[in-house]
Structure formats: C-alpha cells, structure tokens
1. Quick one: count up the residues across segment 31-71 that are closer than 22 Å to E111 by Cβ and either of a type in the set (S, T, Y) or touching a residue at least 40 places away in the same chain (Cβ under 8 Å) (or both).
2. Looking at segment 110-155 only, could you name the residues that are in a strand (DSSP E or B) and hydrophobic (A, V, I, L, M, F, W, C)?
3. With the structure loaded, tell me whether T119 is crowded, with 18+ Cβ neighbours inside 10 Å and β-branched (V, I, T) or whether it fails that test.
4. Yes or no: segment 42-59 includes at least one residue that is modelled with pLDDT of 95 or more, assigned by TED's automatic domain parsing to the domain that holds S156 and among the polar types (S, T, N, Q).
5. Out of segment 122-157, which residues are crowded, with 16+ Cβ neighbours inside 10 Å and under 16 Å from K78 (Cα atoms)?
6. Of all residues being in contact with a strand residue (DSSP E or B) (Cβ under 6 Å, 6 or more places away or on another chain) and crowded, with 17+ Cβ neighbours inside 10 Å in segment 102-116, which is modelled with the lowest pLDDT? Just the residue, please.
7. I'm trying to understand the selection: among the residues of segment 101-117, which are of a type outside the set (S, T, N, Q) and within 20 Å of Q85 (Cβ to Cβ)?
8. Would a scan of segment 79-90 turn up a residue that is within 21 Å of G40 (Cβ to Cβ) and surrounded by fewer than 20 Cβ atoms within 10 Å (Cβ to Cβ)?
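The values are calculated or read from the model by the stated rules, or taken from the named source; none is laboratory data. The structure presented is a predicted model; accordingly, all values stated were derived computationally and were not measured. No Cβ is skipped: glycine too gets one built from the backbone with ideal geometry, and neighbour counts run over all protein chains shown.
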Amino acid sequence: MSCCNCKKSDLSLIKDVLDKYADVDGSLITVLQHAQDIYGYLPTDVLYHIAERVGVSPAKVMGVATFYSQFRLQPVGKYLIMLCQGTACHVNGSEKIEKAIFDELGISDGETTQDGLFTLKNVACLGCCSLSPVMMINDETYGSLTPDKAKEILKSLKSKEA
C-alpha cells in the first residue's frame with residue numbers, strides 16, 4: 001500500500017517508534033502522538049505507512065487521526081496559538097481576542113500566516129477557566145486577556161523573530 005500524489009516524508013524518522021509499538025495492541029494513538037511529535041503534524045504518507053506497519057486499514061488510522069482534536073493533518077506555524085472558546089472564555093470575551101488576533105496576524109481559525117510563523121486554532125477548552133479569556137502559544141499560557149494584551153503578545157513574538 002502506498003500513498004500517491006503527496007509529499008514524501010522521511011519514514012526512517014518513525015522507524016524506532018514503529019519497531020517499539022507496531023505489535024502492541026491498542027498503541028495506535030501512541031504511535032500517532034509520536035509521529036506528530038516527529039513531523040510536527042501527520043503527513044498523509046506517514047499515516048499510510050503507520051497503517052501498513054500496525055496492520056490496520058488507512059481508514060481506521062485516518063478515523064482516529066480526525067476524531068481526536070490533538071492531531072493535526074496540516075503543518076502548523078512555529079507558534080501554534082490555541083484560543084479557548086469554552087464557556088468561561090466565551091462569556092469573558094474570547095470573540096474579541098479572536099478578532100484581535102485576526103487584526104494583528106490576518107488569520108482566522110485553522111489558518112497559518114504566510115510567513116509560516118503563526119497558526120490559529122480555536123479549541124473547546126484549555127482548562128484554565130479562572131484565567132479566562134485564555135490562549136496558549138506552544139507551551140505558554142496567557143490569561144486574563146484583553147484585545148490589546150493579545151496584540152502585544154503577538155507583536156513581541158513577531159519582533160523576536162525579526
């Protein structure tokens with residue numbers, strides 16, 4: 001089985017993970033997590049390769065990869081902005097924060113800036129309700145946001161990259 005019409009990934013990067021988990025029942029999610037850590041997202045050819053090595057259909061692998069929101073099927077920017085849209089964040093102005101991100105970066109949910117630096121992903125909950133509205137950028141949490149505070153955080157990251 002092979003994947004046609006897609007960019008070819010270096011499948012040797014996932015060899016050790018597959019050697020360790022391919023024959024372990026119930027390890028598909030673990031394999032996908034490791035693959036995403038390695039590639040930054042789950043390329044189509046990697047999903048086909050995982051299916052072949054784990055011994056399941058590509059449809060099953062794709063089903064798992066699309067069911068869980070932790071998995072990404074497209075590359076993301078250097079800075080992944082996860083903006084909470086949970087109840088507390090919504091009530092406290094997450095829509096204004098999303099607009100501020102759009103004003104500053106020109107991207108909406110699921111989009112990446114043209115320079116590849118930022119990707120915005122709205123998420124159901126970050127579990128930081130007392131800090132609402134809140135966003136995470138990579139592993140850093142930013143709470144009690146205002147539109148101006150969100151813009152300043154993004155400007156700071158942009159200037160760091162300049």
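1. Summing the residues that are closer than 22 Å to E111 by Cβ and either of a type in the set (S, T, Y) or touching a residue at least 40 places away in the same chain (Cβ under 8 Å) (or both) in segment 31-71 gives 6.
2. First, the residues of segment 110-155 that are in a strand (DSSP E or B): 112, 118-123, 135-137, 140-142.
Passing the criteria: F118, L120, V123, M135, M136, I137.
3. Values: crowded, with 18+ Cβ neighbours inside 10 Å: yes; β-branched (V, I, T): yes.
Considered against the rule, which asks whether it is crowded, with 18+ Cβ neighbours inside 10 Å and β-branched (V, I, T), T119 comes out as yes.
4. Looking through segment 42-59, none of the residues is modelled with pLDDT of 95 or more, assigned by TED's automatic domain parsing to the domain that holds S156 and among the polar types (S, T, N, Q).
5. M135, M136, I137, I153, L154, L157
6. T112
7. Here is the first cut: in segment 101-117, the residues of a type outside the set (S, T, N, Q) are 101-107, 109-111, 115-117.
Hits for segment 101-117 are I101, F102, D103, E104, L105, G106, I107, D109, G110, E111.
8. Filtering segment 79-90 for residues within 21 Å of G40 (Cβ to Cβ) gives 79-83.
Filter again for surrounded by fewer than 20 Cβ atoms within 10 Å (Cβ to Cβ), leaving 80, 82.
Yes, segment 79-90 contains a residue that is within 21 Å of G40 (Cβ to Cβ) and surrounded by fewer than 20 Cβ atoms within 10 Å (Cβ to Cβ).
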